[in-house]
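The structure under discussion appears below in the form of structure tokens.
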Amino acid sequence: ETGVTQSPTHLIKTRGQQVTLRCSSQSGHNTVSWYQQALGQGPQFIFQYYREEENGRGNFPPRFSGLQFPNYSSELNVNALELDDSALYLCASSRVGGAGEKLFFGSGTQLSVL
Amino acid sequence: DAKTTQPTSMDCAEGRAANLPCNHSTISGNEYVYWYRQIHSQGPQYIIHGLKNNETNEMASLIITEDRKSSTLILPHATLRDTAVYYCIVRSHYGGSQGNLIFGKGTKLSVKP
């Protein structure tokens with residue numbers, strides 16, 4: 001149990017639609033990052049938020065966007081869904097500062113785009 | 001961040017030690033070696049990390065070679081619940097995007113009765 005919760009656990013959408021995924025970080029953590037994991041692959045970094053601002057982004061188009069709220073909960077929004085967006089989306093929280101910054105992951109949201 | 005190379009899969013008998021190797025020949029001086037694992041249908045779980053000294057915690061031991069070009073994760077007494085994909089990752093603690101871990105495909109460890 002990591003203390004990071006994600007909702008919903010599963011979601012089915014149609015190509016072209018928009019989706020919002022939610023994450024609640026572990027208490028005391030000030031950084032949240034999002035990952036996309038396609039079947040059989042390792043997770044790929046989408047972006048990270050620190051103090052409610054995006055401060056790092058992987059190779060994902062602008063239709064992937066996010067928000068971090070003052071209570072350190074977070075959202076991942078994906079517009080104009082494509083079939084290839086079908087994947088497990090993982091949220092991870094951490095606390096910036098000090099050595100040994102471990103990420104604590106949620107169990108993910110399985111998104112299927114039809 | 002440096003790239004890592006891991007075997008695709010490994011088997012281990014229950015109760016025996018599981019030794020998972022990782023090559024990271026281009027690691028730089030300020031990069032740490034991290035290990036995470038992912039059990040089916042769950043998010044990755046932190047196991048252990050180290051810079052140059054060997055490390056041990058309640059889950060595993062991490063042995064890093066003197067030249068730091070490779071490391072081995074040791075699960076001393078593997079159980080069926082240790083069946084998972086194990087990821088070796090190298091990363092710096094400096095700069096932005098501390099949440100950016102570069103995952104490869106990892107090693108699929110199967111612990112058999």
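Please report the equivalent ellipsoid semi-axes of the protein assembly as shown, computed as sqrt(5 x eigenvalue) of the Cα gyration tensor, largest first, in whole Å.
They are 30, 20, 16 Å, listed from largest to smallest.
Work out how much length B:Ala17 to B:Ile74 would gain on full extension: take 0.36 nm times their residue separation and subtract the Cα-Cα distance, in nm to one decimal.
19.8 nm is the gain from fully extending B:Ala17 to B:Ile74.
Quote the FRET efficiency, to the nearest 0.05, computed for B:Glu66 versus B:Gln42 with a Förster distance R0 of 41 Å and r equal to the Cβ-Cβ distance. Walk me through the numbers before you get to the answer.
Numbers: r = 35 Å, r/R0 = 0.85.
E(calc), rounded to 0.05, equals 0.75.
Just to be sure I understand: if I project the alpha-carbon convex hull of chain A onto a plane and average over all orientations, what area do I get in nm²?
Result: 6.9 nm².
So, with +1 on the Cβ of K and R and -1 on the Cβ of D and E, and no other charges, what is the size of the charge dipole of chain B about its Cα centre, to the nearest 20 debye?
Roughly 240 debye, rounded to the nearest 20.
Taking each pair of distinct Cα atoms in segment B:6-113 once, what is the resulting Kirkwood hydrodynamic radius in Å?
Numbers: mean 1/r = 0.0709 Å⁻¹.
It is 14.1 Å.
Can you sort B:Val33, A:Val113 from fewest to most other Cβ atoms within 10 Å of each residue's own Cβ? Mind showing how you got there, number by number?
Working: B:Val33 25, A:Val113 19.
Ordered by Cβ neighbours within 10 Å, fewest first: A:Val113, B:Val33.
Computed from the coordinates by the stated procedures, all read-outs in this text should not be read as laboratory data. Because the structure is predicted, anything quoted here is derived from the model rather than measured. Please note: Cβ atoms are built from the backbone with ideal geometry, for glycine as well, and neighbour counts cover all protein chains shown.
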